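Novice: One structure follows; several queries about it will come next.
The values are calculated or read from the model by the stated rules, or taken from the named source; none is laboratory data. These numbers were taken from a predicted model, which means no experiment stands behind them. Cβ placement follows ideal geometry from the backbone for every residue including glycine, while neighbour counts extend to all protein chains displayed. Please note that ligands, DNA and RNA were not included when accessible areas were found on the heavy atoms of the full protein model with its side chains. Shrake-Rupley method; radii C 1.70, N 1.55, O 1.52, S 1.80 Å.
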Amino acid sequence: MFRDRADQFKTRLGWEVEVDARGEERDRYDALDPLYVIWEQPDGSHGGSMRFLPTTGPVMVNDHFADLLTGPVRSPLIWECTRFCLSRNAGGSVAAALMLGGAEIMQGFAIEHFVGVFDARMVRIYRMIGASPEVLGSKGDGPARISVGLWQFEETMQQKIAARAGVSLPQSRFWFDQAFGCSAPRQWSKTG
């Protein structure tokens, strides 16, 4: 995962990120015990991933992109999603599978929203998946445009994302329950 992050963010996108001697991209937020959604390819390799942290602690959106907001985002019901990464050999459904994992986190932990910073190239990807955010603020133009978005998932959106990912909702819930030791069926919480 960290090597693919270095490849995507440093090599392909040219971001100013630190890559260690092992060729891995990590930042200080990885040391905060975040939650990761990781898609594993059939051969066991990393296909894609993203990182989640509660906004009650340090998060990139408040620490580095506050100029795009009218005030800090801090709530136990809003978590930040960052480092959305797809490996070079990720299949076309991996981005949707990651978003489906995010929907399971929202549902399983009663999180109402995700907030995250994204660049212009992600607008098309989010639209394709069926998970476009509400844009809270932006700067720049064209490919250099950076935005802060707020996601709120609903059951109908989750169903569309699951179809795009090629993963059934029962399978997705099973994976979440196995990862977190849940066994009781969950109901989608209606919020907003």
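Novice: Using +1 on the beta carbon of Lys and Arg, -1 on that of Asp and Glu, and nothing else charged, what's the dipole of the stretch 1-173 about the Cα centre, debye to 20? It would help to have the intermediate numbers written out before the result.
Specialist: On the way: 19 positive and 22 negative charges, 90 e Å.
Rounded to the nearest 20 debye, it is 440 debye.
Novice: Put 7, 43, 63 in order of accessible area, largest first, 1.4 Å probe: what do you get?
Specialist: 43, 63, 7
Novice: Can I ask one more? Which is the longest run of the chain containing none of the trypsin sites (Lys or Arg not before Pro) found in DSSP loop states (not H, G, I, E, B) with at most 13 other C-beta atoms within 10 Å?
Specialist: Looking at the chain, 89-185 is the longest stretch - no exposed trypsin sites (Lys or Arg not before Pro) with at most 13 other Cβ atoms within 10 Å.
Novice: So, one more: Among 115, 15, 143, flag the residue with its Cα farthest along the positive direction of the charge dipole of the chain, charges on Cβ as +1 for Lys/Arg and -1 for Asp/Glu.
Specialist: It is 143.
Novice: Candidates (1) 15.8, 53; (2) 16.1, 47; (3) 18.0, 59; which is the computed Rg and Dmax of the Cα atoms in Å?
Specialist: Only one option fits the structure, namely (2).
Novice: When the helix-only estimate is applied to the chain (DSSP H runs of n ≥ 4, each -39,500 (n - 2.57), divided by the residue count), what is the mean residue ellipticity at 222 nm, nearest 500 deg cm²/dmol?
Specialist: Rounded to the nearest 500, it is -8500 deg cm²/dmol.
Novice: In the neighborhood of residue 153, defined by Cβ-to-Cβ distances under 11 Å, what is the net charge if each Lys or Arg adds +1 and each Asp or Glu adds -1?
Specialist: Numbers: positive: 160; negative: 104, 112, 154, 155.
Local net charge: -3.
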